[in-house]
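This report concerns only the one structure given below.
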Amino acid sequence: MSITVENVSKVYGEQKALDNISFTIGSGEIVGFLGPNGAGKSTMMKIITTYIAQTEGAVSVNGHNVETKPMLVKQSVGYLPEHNPLYLDMYVKEYIQFSGQVHKVAKSRVNEVIEQVGLSPEAHKKIGQLSKGYRQRVGLAVALLHDPEVFILDEPTTGLDPNQLVEIRSLIKEIGTTKTVLFSTHIMQEVEAVCDRVIIINKGSIVTDKKLNELKSSEAQIVEVEFDLRIEEQLIQKLPKLTKAINIHDNTWQLTFSTSKDMRPAIFDFAHDNGLKLLQSQQKNQDLESLFRSLTK
Ligand code: ADP
Ligand code: MG
């Protein structure tokens, strides 16, 4: 396992930012770490990268415990912090060279990473002159320098324009072809575009940890139905596994069920038992964005 997080909690003063979090990430996985602002994403990432200590629990990266072997963890991890601190007065290449000296990497590596992240045309500029997208590339270049096995990228695409977004996403995907990547975002679409697994965190707890295709098919089922008569919400609540019922208009309802089993036969029986006629029923997949909203509201 590349990353192992076991029963981790983090308390800041009075506030519990992480509450008994556990997950493992295998070598070569690209995992989206999704959650609204304040969910605890950055806190978890700072613990994995040894920048802060957990209050309880255990974390290891590449088999190295973050508390007992922090130097080995740092060597295994490329970290792009949320508010990537850069020296705006330094030149791009100068800054990457300087970071390379800290990591004691070969000089030739500097040009390699500049090339890899597409910074060559900007390498002679001052960091302060770069757009946000290019600044993120500088951060990614530094994270890549020591050729780590594991990448922890904290909201790498926040604040980018649509073109930059696409470019940085494809860079992350490219890194993910050979390395383990955990990246955080508060945008579901981003996870869909980049990963095959998502861990959703809300208020310090994990609410979902699934492969994306499992999430799409299994999590919830929405059926739109039309009856011949108006019915009361109370009655509709009798449907099994029903989690939400919205009266869209007149006799048409949008029903959400917490099962992957096709609920249309059960709806048909329900209509029959209650002296109703089912005029139509249509199964719809819940889109991931609304699923995310329902899990984190
Ligand atoms: P996210 O990255 O998902 O937006 P954070 O991990 O930054 O969430 O924050 C989780 C919670 O912990 C938030 O409520 C935040 O205000 C709180 N928090 C984060 N850092 C600190 C800190 N250094 N001191 C006190 N509270 C903090
Ligand atoms: Mg954050």
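The values are calculated or read from the model by the stated rules, or taken from the named source; none is laboratory data. None of the values given here were measured: they were computed from a predicted structure. Here the Cβ positions follow ideal geometry from the backbone for every residue, glycine too, while neighbour counts run over all protein chains shown.
Some notes on this structure:
- Of the residues making up the range 259-275, those that are part of a loop (DSSP other than H, G, I, E, B) and either touching a residue at least 60 places away in the same chain (Cβ under 8 Å) or surrounded by 15 or more Cβ atoms within 10 Å (Cβ to Cβ) (or both) number 2.
- Whichever residue in the range 276-297 is closer than 15 Å to Val198 by Cβ and in contact (Cβ under 8 Å) with a residue 60 or more places away in the chain and, among such residues, is surrounded by the fewest Cβ atoms within 10 Å (Cβ to Cβ): Glu289
- Candidates Ser258, Ser281 - the one that is touching a strand residue (DSSP E or B) at 6+ places or on another chain (Cβ under 7 Å), among the small types (Gly, Ala, Ser) and within 30 Å of Lys41 (Cα to Cα): Ser258
- Selected residue [under 15 Å from Glu155 (Cα atoms) and at pLDDT 95 or above] from Ala39, Ala58: Ala39
- Of the residues making up the range 32-58, those that are of a type in the set (A, V, I, L, M), within 16 Å of ligand 2 (Cβ to nearest atom) and either in a strand (DSSP E or B) or over 25 Å from Leu215 (Cα atoms) (or both) number 4.
- Applying a threshold of 9 Å to beta carbon distances and a minimum spacing of six or more residues, or different chains, the list of pairs starting in the range 146-157 at a residue that is on the phi > 0 side of the Ramachandran plot and ending at one that is within 13 Å of ligand 2 (Cβ to nearest atom) and not in a loop (DSSP other than H, G, I, E, B) reads Glu155/Lys41; Glu155/Ser42; Glu155/Leu80; Glu155/Phe183; Glu155/Ser184; Glu155/Thr185.
- Once the range 92-104 is narrowed to residues that are under 30 Å from the mean Cα position of the chain (by Cα) and within 25 Å of Met71 (Cα to Cα), the residue that is surrounded by the most Cβ atoms within 10 Å (Cβ to Cβ) is Ile96.
- Where a residue in the range 31-55 is touching a residue at least 12 places away in the same chain (Cβ under 8 Å) and within 12 Å of Ile200 (Cα to Cα) and its partner, wherever it lies, is in a helix (DSSP H, G or I) and within 8 Å of ligand 2 (Cβ to nearest atom), with Cβ under 7 Å and at least six apart: Phe33/Lys41; Gly35/Lys41
- One residue stands out among those in the range 64-91 that are free of Cβ contacts under 8 Å to residues at least 40 places away in the same chain and in a loop (DSSP other than H, G, I, E, B): the one that is nearest to ligand 2 (Cβ to nearest atom), which is His83.
- Taking every residue in the range 233-249 that is closer than 17 Å to Asp262 by Cα and pairing it with any residue that is part of a helix (DSSP H, G or I) and polar (S, T, N, Q), at least 6 positions away or on another chain, the pairs with Cβ-Cβ distances below 9 Å are Thr243/Ser294; Lys244/Ser294.
- Yes/no for Ser22 being away from ligand 1 (no atom under 16 Å from the Cβ), buried (at least 17 other Cβ atoms within 10 Å of the Cβ) and assigned to a strand (DSSP E or B): no
- Subset of the range 270-290 that is more than 16 Å from Leu242 (Cβ to Cβ) and polar (S, T, N, Q) - its residue that is farthest from the chain's Cα centre (by Cα): Gln280
- You will find that of Glu174, Glu192, Glu149, the residue that is away from ligand 1 (no atom under 16 Å from the Cβ), surrounded by fewer than 21 Cβ atoms within 10 Å (Cβ to Cβ) and at pLDDT below 90 is Glu192 and no other.
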